[in-house]
Amino acid sequence: MEERKTAAIVLPIIALIILFFTVIFPEIRKPQTISFKSCKVQVEYFTGLEEDANRATNNKLALCLCDLYVHNPDSAIASQILKIYREYGTHDSTSYGRDSLNSIIKNKKTVFDTLILLD
């Protein structure tokens with residue numbers, strides 16, 4: 001009789017655990033994609049690092065857009081690169097000019113650094 005009570009408690013718990021790992025957990029960890037034109041970048045958000053992950057993802061998108069712009073200059077791509085630069089780009093003492101697209105593209109690896117430093 002007691003085995004049935006134990007089974008009645010344990011089996012629903014096991015079912016909930018299986019449900020969590022097959023249905024809910026994959027949705028929580030599902031990577032999101034940001035894209036512009038033919039450039040696509042996937043991002044996974046981790047608790048406490050959303051802002052850093054967003055910055056790194058947008059900078060990866062900007063690197064792709066810089067390469068795309070070199071092969072096919074387009075004003076929409078240029079404005080998106082400048083938008084990302086203004087919001088997420090590296091602004092240091094060797095500034096590349098607020099709107100100097102050519103110098104931003106020339107120094108894209110430095111301007112759009114995707115490294116995230118953790119404490």
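Data overview
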| read-out | value |
| --- | --- |
| Residue list for region 18-43, restricted to those being of a type in the set (D, E, K, R) and at pLDDT below 75 | Glu27, Arg29, Lys30 |
| Cβ pairs under 9 Å, 6+ apart, first in region 42-60 and over 23 Å from Ile105 (Cβ atoms), second at pLDDT below 75 and surrounded by 14 or more Cβ atoms within 10 Å (Cβ to Cβ) | Ala53/Tyr45 |
| Some residue of region 59-79 being at pLDDT below 90, small (Gly, Ala, Ser) and surrounded by 17 or more Cβ atoms within 10 Å (Cβ to Cβ) | no |
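The values are calculated or read from the model by the stated rules, or taken from the named source; none is laboratory data. Values in this document were obtained by computation on a predicted structure and should not be read as measured data. Cβ atoms come from the backbone with ideal geometry, glycine included; neighbour counts cover every protein chain shown.
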